[in-house]
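What follows draws every value from the coordinates through simple rules; no lab data is involved. This structure is a prediction, so every number in the text was calculated from the model and none was measured. Cβ sites come from the backbone with ideal geometry, for glycine too, and all protein chains shown count toward neighbours.
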Amino acid sequence: MQDIDAIGAVIGNPQTVLITTHQNPDADAMGSSLGLAGYLRKKGHHVTVITPTDYSQNLHWMSGNEGVIAFDEKLRVPVTQLIAEADVIFCLDFSSLDRIRELAPLVRQSRARKVLIDHHLEPESFADLALWDPTAAATAELVFQLIVALGDKDLIDIPIAECLYSGLMTDTGSFRHPNTTGNVHRMAAELVDLKIDVSSIHRRIFDNVTIDKFRLLGYVLNEKLRVLPEYKFAYITLTDGELKRYRSKTGDTEGMVNYALAVEGVVMAAILIDRNDEIRISFRSIGNFSVRDLSSKHFEGGGHRNASGGRSKLSLSETEQKLLSILPEYQQLLLETV
Ligand code: 5GP
Ligand code: MN
């Protein structure tokens with residue numbers, strides 16, 4: 001779905017625009033949202049970015065961050081009003097409303113035109129218009145495409161470029177995942193030509209680690225990483241108590257699952273985290289093995305073939321047992337994957 005002309009018409013004159021993105025927003029969620037916000041403000045729109053939850057400190061440098069409203073129960077009244085009064089709501093980097101938690105019913109009921117910009121598989125059809133492409137590496141790539149297609153490439157300044165570059169860089173794993181296409185590099189080249197400081201952006205996002213996060217990682221790698229060679233599977237579990245012991249903040253477990261995937265011979269990795277009264281699971285895989293299929297079949301989840309997530313209302317140890325019990329179903333496929 002590529003309703004670019006229709007999206008152009010919707011934002012053809014100044015509107016009250018709201019941009020929202022998925023819970024625990026990552027650098028693509030925030031980068032695409034704030035990049036789009038910067039562009040729309042230049043076009044004369046009144047723009048507010050609302051996130052369903054707070055997000056990691058290493059994303060707070062992005063231009064426009066100071067105006068972001070991270071939903072909190074205390075803000076229910078003003079947020080409800082903002083969503084109800086918007087003319088247009090852009091939904092970025094998620095494809096089903098359950099990814100925006102408390103905001104979902106408010107967005108669903110709003111009279112605003114809803115525009116989805118996303119690269120996840122199988123969108124729930126809640127939007128009026130969509131720029132949806134599951135072959136795009138990042139939502140930031142689609143926002144860039146939209147701005148270019150609307151003839152506004154010259155409105156991309158350094159702050160907007162930095163936001164978009166951040167989404168592109170992180171969703172491609174710093175330009176190394178299989179989604180790193182020629183288009184990704186062409187877009188990166190155009191942004192770099194604007195003289196953004198790529199090295200500084202990388203440092204701000206990845207080398208800005210609190211000592212608590214490193215200590216938690218040390219503990220996890222020492223004590224909590226379990227490898228099951230017979231399934232080419234490795235996983236990590238984290239209890240609420242362990243998170244508290246290491247003063248873990250939103251975003252501190254981001255990327256941790258990749259250590260499990262990096263263990264030699266491993267083709268599927270998972271991290272199970274007990275947080276906010278549910279178990280959040282992140283899955284990663286390599287090659288043709290689809291963690292999206294597994295998480296949508298068993299853990300109310302979805303995402304991409306090699307990176308997906310899901311959840312469970314069982315306890316942490318019950319969720320772990322459930323995951324272990326379904327592994328035989330996938331054993332053959334896992335062992336075939338190299
Ligand atoms: P992460 O593990 O980084 O939270 O998510 C990996 C990928 O899976 C992301 O693209 C994310 O959007 C997707 N994902 C994570 N959790 C869920 C979920 O509960 N439902 C769906 N449909 N996708 C998810
Ligand atoms: Mn993304």
- Query: For region 211-336, what is the charge dipole size about the Cα centre, in debye to the nearest 20, if Lys and Arg each add +1 at the Cβ and Asp and Glu each add -1 at the Cβ?
  - Reply: 320 debye
- Task: Apply the Karplus parameterisation 6.51 cos²θ - 1.76 cosθ + 1.60, with θ equal to phi minus 60°, to every residue of region 299-305 and state each ³J(HN,Hα) to the nearest whole Hz, in sequence, with x for glycine and proline.
- Result: 10, 6, x, x, x, 10, 4
- Interchain or sequence-distant (5+) residues whose placed amide H lies within less than 5 Å of the amide H of residue 130 are 3, 116
- Does region 133-182 classify as rounded, prolate or oblate by the C-alpha gyration tensor (a ≥ b ≥ c root eigenvalues; a/c under 1.5 gives rounded; else a/b over b/c gives prolate, otherwise oblate)? oblate
- Note on the structure: By Cβ neighbour count within 10 Å, fewest first, 163, 91 rank 91, 163
- Task: Starting from the alpha-carbon convex hull of region 211-336, give the projected area averaged over all orientations, in nm².
- Result: 7.0 nm²
- So between residue 125 and residue 42, what do we pick up on full extension, going 0.36 nm a residue minus the alpha carbon distance? 26.9 nm
- Task: Restricting things to alpha carbons, tell me how big the chain is in terms of Rg and Dmax, in Å.
- Result: 19.8, 59
